[in-house]
1. For region 54-149, which trypsin sites (Lys or Arg not before Pro) are in a loop by DSSP, counting at most 15 other Cβ atoms within 10 Å?
2. Count the net charge of all other residues whose Cβ sits under 13 Å from the Cβ of Asn350, scoring Lys and Arg as +1 and Asp and Glu as -1.
3. For the residues Met104, Met1, Met216, what sequence is obtained by ranking on other C-beta atoms within 10 Å, fewest first?
4. Peptides 25-36, 266-277: what's the order by average Cβ count within 10 Å, highest mean first?
5. Angle between the Cα long axis of helix 266-276 and the longest principal axis of the chain, 0 to 90 degrees, nearest 10?
6. Cα centroid distance between region 146-164 and region 190-228, in Å?
7. Quick check: from the Cα gyration tensor, does region 62-150 come out rounded (a/c under 1.5), prolate or oblate?
8. Charges on Cβ only, +1 for Lys and Arg, -1 for Asp and Glu, centred on the Cα centroid of the chain; of Val248, Ala208, Leu361, which one is farthest towards the dipole's positive end?
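Each reported figure results from applying straightforward, stated rules to the coordinates on display, with no laboratory input. Note that the structure is predicted; figures quoted are calculated from it, not measured. Cβ sites come from the backbone with ideal geometry, for glycine too, and all protein chains shown count toward neighbours.
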Amino acid sequence: MDVISLCSALIKCKSITPADDGAQGLIAQFLAAAGFEITELTFRSPDGANEIKNLFAQYGASGGKSLGFLGHSDVVPAGESWESDPFSPLQKDGYLVGRGVSDMKGGIAAFCCAAAQFVREKFDGSICFLITGDEEVGSREGAQSLLKWCSDAGRLPRDFIIGEPASHSKLGDNVYLGHRGSLNVVVESIGLQGHSAYPANFKNSLAAVCQYVAHMLNYQWKYEDLRFPCTHLEPTLLFTNNYATNVVPDRTSANLNIRFGADYSSRTIEEVMTTEARGYGLTLDFHRSGEPFYCDPKELKGIFAACIKDVVKVTPKFSAAGGTSDGRFIPSTCNIIEFGLLDDCLHQKNEKAKLDDIRNLEKIYLEFLKRY
Ligand SMILES: [Zn+2]
């Protein structure tokens, strides 16, 4: 099966988290035929409500060089108004269209096909696939549980490739070596409702939240570690319990998302947010999503850059911007490189990837395996 057929077959599986709809079975079947040893692992949430399928596949023996490919087979919901059925892959104008083609069934198909070709030759070491089923909703029964299982079983690879879409405008123009941390904050104000013409008689919860958010939007974050983009705060939701024009609401909340480099941790961001909130009469509720991480695997970087240059004639930039990825759960003793298709239509309707990009991604991965 070629890379486009495998990717198309994966798109047909409606694997919207937590569903799998046969996606991992397809990958397992493909890798088993190539000689991989397959371990299917289902992890359940502590309350038993969530059940997530994961796949571990290995070729070669542990010890020595060990390379792991980390990817997720789940996708986000399709949403409305696609021009074609999101789960019926369509080839059009040199593109493959379908939910998950770039995030990240194209990456999985490319690495599967590259690895299947590569293992026909004799080599030392091992190649593993870690395919998870809940990356889009927090990775608890996915990457976090699967990586722990690998560690406990003594099967944790030393080097990782994460096949997430990392390229920006051309395949190969960007490779991630890390990501910023992410923290969500719910800011809430309880005031006193009243007529907007009588300020002495109310306490405006909406004004309190807006003033604090405006203050934090102008806050000068420390910026010393230039490997990461500057720390950035973005309001993502504002809710208040009033629709009338002359009533002051007594309850307002805002959600803020903060992306931060290694100048901070979740804890120190919380300290700043709390200190700066003094005097506004607010409550702050923090939800940690991930700490910043960065690794600089010189040897892997060099090989990757050369493979990309040879296949698509592009010199990649190595960066640590972008969103978070499951790389944040990989132990810091491992090396991580994140590279895949373009990130230009992630989670959008009519998600698409160039057929040539998918084929070239397979070639880059195969070249990497040969030189690794
Ligand atoms: Zn993804």
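1. Those satisfying the criteria are Lys65, Arg120, Lys122.
2. -2
3. If I rank by nearby Cβ atoms, fewest first, I get Met1, Met216, Met104.
4. Sorting 25-36, 266-277 by mean packing, highest first, produces 25-36, 266-277.
5. 20
6. Here the two parts' Cα centres lie 43 Å apart.
7. oblate
8. Result: Leu361.
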